[in-house]
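Novice: Please find one structure pasted underneath; my questions will follow.
The values are calculated or read from the model by the stated rules, or taken from the named source; none is laboratory data. This is a predicted model, so every value here is computed, not measured. Please note: Cβ atoms are built from the backbone with ideal geometry, for glycine as well, and neighbour counts cover all protein chains shown.
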Amino acid sequence: MTETEIRRALSLLALPGVFEIRAPKTRQNSRYESTAAGYFDNPDDAVKAVAKLAGRAPGIYVTLNPVDPALLARAANRLDPRAKHTTSDVEIIARRWLLLDFDPVRPAGISSNDAEHQAALERAVTCEAWMTAQGWPAPLYADSGNGAHLLYRLDLPNDADSKALVEAVLKALANRFDDEQVKLDTGVGNAARITKLYGTQARKGDPLPDRPHRMSRLLQAPETPSPVDLEHLRALVPPPVAPAPPPARASSPSSFHGGDFFAQVNSAAMLALAAWVPVLFPAATSYHDGYRVSSKGLARDLEEDLSITPAGIVDFGLADQGDPRQGKGSARRLI
């Protein structure tokens, strides 16, 4: 844990204003874990509080966007070791940052190896070069410990239009820069998103010689980041296409003949995700050809999200908990 790096990160990302620091799965004793969280407007108190978490949490995070100053009263310049409330999207007063989170593909719940880590760092550099060619200003470039971050300054209100624009930009960039080795996380577009507090360690899984716990850090940061023009944001979003014809109605149970009945029901559900996923999960966001539901949207403290796409359903949070099915499931099982 590096005090100088933490102060630098807070000065760029969070100050001035009130910000939340959060550490899910903080070890309170040998048998009990909880989410430690608190609100700060004083960097000295924040650094002292973070220092007490060293070695006790898999990751320490900070809100990307400024929070309602009234939230300081939840835990003022201190960490509540068993926080019952953390920041929600409606408690963000403006959108200040766009996070591009490049994560190397690997099994859930483990640190990246050196090759995976380097691939993510290089992918972020490639993306930054392309964005610069499109006229975007210089971003913050950071090592998250397991992958890489680019953070672009925004000056947007926290409203439905901004949310839709940010999610569309993330999806467009993922379509351009994703491959089998590195993915751009499209599920980080919500206003209350937290990101790694640079200067703290990423401690996912057990440290092994080939998969160590690494320190997160800022690699490049302009002194005064310039906001991205609205026109540059919109330029990445594909023009609207004609509405698709309504999906065919799922067959009624009486129309299924032969084979396994429930397998056919599951198959029909996977072909019509839009008909039921947003109803079951109002907090779901677009993810490739399907949806992603954050752990916060599921009202749980697990670190990983739920992915629902035509290729299958995977609850990465359950996978991290040792689920014998590795989090894989069917529509019927999910419902």
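Novice: When you go through Gly59, Gly38 one by one, which is the residue that is under 19 Å from Thr195 (Cβ atoms) and touching a helix residue (DSSP H, G or I) at 6+ places or on another chain (Cβ under 9 Å)? Before you say what the answer is, go through the steps one by one.
Specialist: Numbers: Gly59 fails: touching a helix residue (DSSP H, G or I) at 6+ places or on another chain (Cβ under 9 Å).
Matching residue, one of Gly59, Gly38: Gly38.
Novice: Give the residues of region 209-237 that are closer than 27 Å to Ala51 by Cα and either touching a Ser or Thr at 6+ places or on another chain (Cβ under 8 Å) or not aliphatic (A, V, I, L, M) (or both), sorted by residue number.
Specialist: Narrowing region 209-237 to residues closer than 27 Å to Ala51 by Cα: 209-223.
Of everything in region 209-237, those that are closer than 27 Å to Ala51 by Cα and either touching a Ser or Thr at 6+ places or on another chain (Cβ under 8 Å) or not aliphatic (A, V, I, L, M) (or both) turn out to be Pro209, Asp210, Arg211, Pro212, His213, Arg214, Met215, Ser216, Arg217, Gln220, Pro222, Glu223.
Novice: Quick check on my filter: what residues within region 288-313 are closer than 17 Å to Ala331 by Cα and under 17 Å from the mean Cα position of the chain (by Cα)? Even if it seems obvious, please write down each step before you answer.
Specialist: Residues of region 288-313 closer than 17 Å to Ala331 by Cα: 289-293, 298, 305-313.
Gly290, Tyr291, Arg292, Val293, Leu298, Asp305, Leu306, Ser307, Ile308 - these are the residues of region 288-313 that are closer than 17 Å to Ala331 by Cα and under 17 Å from the mean Cα position of the chain (by Cα).
Novice: Only one of these conditions is not met by Ala133: (1) among the small types (Gly, Ala, Ser); (2) under 26 Å from Thr200 (Cβ atoms); (3) more than 17 Å from the chain's Cα centre (by Cα). Which number is it?
Specialist: (2)
Novice: Being in contact (Cβ under 8 Å) with a residue 60 or more places away in the chain, assigned by TED's automatic domain parsing to the domain that holds Pro212 and touching a helix residue (DSSP H, G or I) at 6+ places or on another chain (Cβ under 8 Å) is the requirement here; does Arg95 meet it? Step through it out loud before you land on a result.
Specialist: Working: in contact (Cβ under 8 Å) with a residue 60 or more places away in the chain: yes; assigned by TED's automatic domain parsing to the domain that holds Pro212: yes; touching a helix residue (DSSP H, G or I) at 6+ places or on another chain (Cβ under 8 Å): yes.
Considered against the rule, which asks whether it is in contact (Cβ under 8 Å) with a residue 60 or more places away in the chain, assigned by TED's automatic domain parsing to the domain that holds Pro212 and touching a helix residue (DSSP H, G or I) at 6+ places or on another chain (Cβ under 8 Å), Arg95 comes out as yes.
Novice: Right, another one. Restricting to region 117-137, what's the tally of residues that are farther than 15 Å from Leu184 by Cα and among the polar types (S, T, N, Q)?
Specialist: Here the count works out to 2.
Novice: Could you check, for region 4-12, whether at least one of its residues is β-branched (Val, Ile, Thr), outside any loop (DSSP other than H, G, I, E, B), over 18 Å from Ile194 (Cα atoms) and in contact (Cβ under 8 Å) with a residue 24 or more places away in the chain? Before the answer, list the steps.
Specialist: Step one: of region 4-12, the residues β-branched (Val, Ile, Thr) are 4, 6.
In the following step, the residues that additionally are outside any loop (DSSP other than H, G, I, E, B) were identified as 4, 6.
Filter once more, keeping what is over 18 Å from Ile194 (Cα atoms): 4.
Pick out the ones that are also in contact (Cβ under 8 Å) with a residue 24 or more places away in the chain and you get 4.
So far as region 4-12 goes, yes, one or more of its residues are β-branched (Val, Ile, Thr), outside any loop (DSSP other than H, G, I, E, B), over 18 Å from Ile194 (Cα atoms) and in contact (Cβ under 8 Å) with a residue 24 or more places away in the chain.
Novice: Does Asn175 meet the test of being more than 15 Å from the chain's Cα centre (by Cα) and touching a residue at least 60 places away in the same chain (Cβ under 8 Å)? Please lay out each step first, then the result.
Specialist: Working: more than 15 Å from the chain's Cα centre (by Cα): yes; touching a residue at least 60 places away in the same chain (Cβ under 8 Å): no.
For Asn175, the condition - more than 15 Å from the chain's Cα centre (by Cα) and touching a residue at least 60 places away in the same chain (Cβ under 8 Å) - is not met.
Novice: Of the residues in region 284-294, how many are in contact with a Phe, Trp or Tyr (Cβ under 9 Å, 6 or more places away or on another chain) and among the small types (Gly, Ala, Ser)?
Specialist: Kept after step one, since they are in contact with a Phe, Trp or Tyr (Cβ under 9 Å, 6 or more places away or on another chain), are these residues of region 284-294: 284-285, 291, 293.
Restricting the remaining residues to those that are among the small types (Gly, Ala, Ser) gives 284.
Matching residues across region 284-294 total 1.
Novice: Another question about this same structure. Of everything in region 261-275, what is touching a residue at least 12 places away in the same chain (Cβ under 8 Å) and among the hydrophobic types (A, V, I, L, M, F, W, C)? Give them in sequence order.
Specialist: Across region 261-275, the qualifying residues are Phe262, Val265, Ala268, Ala269, Met270, Leu271, Ala272, Leu273, Ala274, Ala275.
Novice: Is it the case that some residue within region 158-179 is in contact with a helix residue (DSSP H, G or I) (Cβ under 6 Å, 6 or more places away or on another chain), under 23 Å from Ala9 (Cα atoms) and not charged (D, E, K, R)?
Specialist: No: region 158-179 contains no residue that is in contact with a helix residue (DSSP H, G or I) (Cβ under 6 Å, 6 or more places away or on another chain), under 23 Å from Ala9 (Cα atoms) and not charged (D, E, K, R).
Novice: Would you be able to tell me the number of residues in region 284-301 that are of a type outside the set (S, T, N, Q) and touching a residue at least 60 places away in the same chain (Cβ under 8 Å)? Steps first, answer last, please.
Specialist: Step one: of region 284-301, the residues of a type outside the set (S, T, N, Q) are 284, 287-293, 296-301.
Filter once more, keeping what is touching a residue at least 60 places away in the same chain (Cβ under 8 Å): 287-288, 292, 296, 301.
Summing the residues that are of a type outside the set (S, T, N, Q) and touching a residue at least 60 places away in the same chain (Cβ under 8 Å) in region 284-301 gives 5.
Novice: Can you name the residue in region 95-126 that is within 30 Å of Pro227 (Cα to Cα) and more than 18 Å from the chain's Cα centre (by Cα) and, of all such residues, is surrounded by the most Cβ atoms within 10 Å (Cβ to Cβ)? First the steps, then the outcome.
Specialist: Just the residues of region 95-126 that are within 30 Å of Pro227 (Cα to Cα), to begin with: 95-104, 117-126.
Subsequent filtering for residues that are more than 18 Å from the chain's Cα centre (by Cα) retains 118-119, 122, 125-126.
On the way: Gln118: 13, Ala119: 20, Glu122: 14, Val125: 15, Thr126: 13.
The residue in question is Ala119.
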